[in-house]
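The values are calculated or read from the model by the stated rules, or taken from the named source; none is laboratory data. Since this is a predicted model, take the numbers as computed values, not measurements. Neighbour counts are summed over all protein chains in view; Cβ atoms, including those assigned to glycine, are modelled from backbone coordinates with ideal geometry. For accessibility, only protein heavy atoms count, side chains too; no ligands or nucleic acids. Shrake-Rupley method; radii C 1.70, N 1.55, O 1.52, S 1.80 Å.
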Amino acid sequence: MEGIESEPIPITSTTKAISDIISNHGSEPEPQTDEVEDYLKERAASGYPHALFQLGHFYFEQERYNEAKIIFERIQERDYQAKYLLAVMHYDGIGIEENQKLGIKYMEEIANTNNKGKSNLIACARYNLGRAYLQGFGVRQSSDEAERLWILAAQGDDDGSIRAQTALGLFYSQEESLDLRKAFYWHKIATANGSLESQGALGAMYWKGQGTKQNVEAALNCFKQASERGNVYAQGCLVAHYYTRKLYKRAVELAKMITTNEDAMMIAKATNCLPNYIVKGMAMSCFYYARCLQNGLGTNKDDAEAKKYYSKACKYDLDIVAALQQDMTFGFI
């Protein structure tokens, strides 16, 4: 499960929220950061609930990490948001020396609490701990423990971690933990909750009949919706569909659009999709575009351009190209 991302910090921006209050929700000029800091200090001194955490979070957002750390350490026993940010700072070495074991300790304290008012934070902590166990960072590697934590994190209609739901869908698609019915179940749940990654994966499972009955219509619905939201893997699958249905102009138009952006990491950051699936979508698009160029299908024949895009496809994902080449050899495409 290469490239699986950590859960974003599930805390609303303090700087923006307080700026809105001071500026009377936009009716006055936006305050300077020193005005926000003074406002938060006054509230903290007056004993307003959560004001001290907000001041620490303000420092964190302003990258004044030492000041943030001092406040978070002072209140972490009674404020789980402070403990969560302290865990992130130690685990990732944000502004302080990296200490993964201490970061794990704080995350475990959050993950093991029964405070129902912090269910979203607890789910995020469990997801991140599962990720640490899967990768063996700061703890002894254990796929079983990762699975257990992700299942806990994924549960709950409103408070379950969508990233944990997607992670389980991917986990059960791996050879060493293969269970396609479970993979389909979790990708379907995650898709219903808005996961773009899972929507593309769900389309592929419907398309191939993996973990469920084959349903081409449902697959195309997933691919089209995910494509509109920026899922490059789903876009590549749509290019393949258009090509095999001899809708060459559509295949060419979509493939050309996909191949204009070659920065998989930038796309991953913008869409929260895994880079290795993004490059699979790019490889498919380049391959089918090259086929169209080579044979003059939906575009002018151009052998030189076809060769260029075959090379691009190989650069993105050799396994995808090998599989498509085999399909071409046996006349499947």
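Do we have GLU262 as within 19 Å of ALA251 (Cα to Cα), part of a helix (DSSP H, G or I) and acidic (Asp, Glu) here? Spelling it out, it is not the case that GLU262 is within 19 Å of ALA251 (Cα to Cα), part of a helix (DSSP H, G or I) and acidic (Asp, Glu).
With respect to LYS280, is the statement that it is within 15 Å of ALA234 (Cβ to Cβ) and in a helix (DSSP H, G or I) true? Spelling it out, LYS280 is indeed within 15 Å of ALA234 (Cβ to Cβ) and in a helix (DSSP H, G or I).
In the stretch 221-238, of all residues being among the small types (Gly, Ala, Ser) and assigned to a helix (DSSP H, G or I), the one that is most open to solvent (accessible area, probe 1.4 Å) corresponds to SER227. Residues that are under 18 Å from MET257 (Cβ atoms), open to solvent by 30 Å² or more (accessible area, probe 1.4 Å) and part of a helix (DSSP H, G or I) within the stretch 285-316 comprise ARG291, GLU305, LYS308, LYS312, TYR316, listed in sequence order.
Quick check: anything in the stretch 245-252 within 28 Å of PHE184 (Cα to Cα) and either in a helix (DSSP H, G or I) or under 21 Å from the mean Cα position of the chain (by Cα) (or both)?
Keep residues of the stretch 245-252 that are within 28 Å of PHE184 (Cα to Cα), which gives 245, 251.
Cutting the leftovers down to either in a helix (DSSP H, G or I) or under 21 Å from the mean Cα position of the chain (by Cα) (or both) gives us 251.
There is at least one residue in the stretch 245-252 that is within 28 Å of PHE184 (Cα to Cα) and either in a helix (DSSP H, G or I) or under 21 Å from the mean Cα position of the chain (by Cα) (or both).
For the structure I just gave you, tell me whether LYS188 is modelled with pLDDT under 95 and either touching a strand residue (DSSP E or B) at 6+ places or on another chain (Cβ under 9 Å) or of a type in the set (D, E, K, R) (or both). Criteria not met by LYS188.
Of all residues in the stretch 324-332, at least one satisfies being part of a helix (DSSP H, G or I) and among the β-branched types (Val, Ile, Thr). So for the stretch 67-82 (the condition being over 30 Å from TYR185 (Cα atoms) and hydroxyl-bearing (Ser, Thr, Tyr)), does at least one residue qualify? Yes; the residues of the stretch 67-82 include at least one that is over 30 Å from TYR185 (Cα atoms) and hydroxyl-bearing (Ser, Thr, Tyr). Among the residues of the stretch 159-168, are any under 25 Å from TYR242 (Cα atoms) and among the polar types (S, T, N, Q)? No, every residue in the stretch 159-168 fails to be under 25 Å from TYR242 (Cα atoms) and among the polar types (S, T, N, Q). Scanning the stretch 56-112 for residues being part of a helix (DSSP H, G or I) and open to solvent by less than 40 Å² (accessible area, probe 1.4 Å) gives a total of 25.
Within the stretch 317-332, the set of residues being of a type in the set (Val, Ile, Thr) and open to solvent by 40 Å² or more (accessible area, probe 1.4 Å) comprises just one member, THR329.
A count restricted to the stretch 258-273 and to residues that are closer than 18 Å to LEU238 by Cα and exposed (fewer than 13 other Cβ atoms within 10 Å of the Cβ) stands at 1. If I ask for residues that are among the β-branched types (Val, Ile, Thr) and surrounded by fewer than 19 Cβ atoms within 10 Å (Cβ to Cβ), which ones from the stretch 32-55 would you list? Across the stretch 32-55, the qualifying residue is only THR33.
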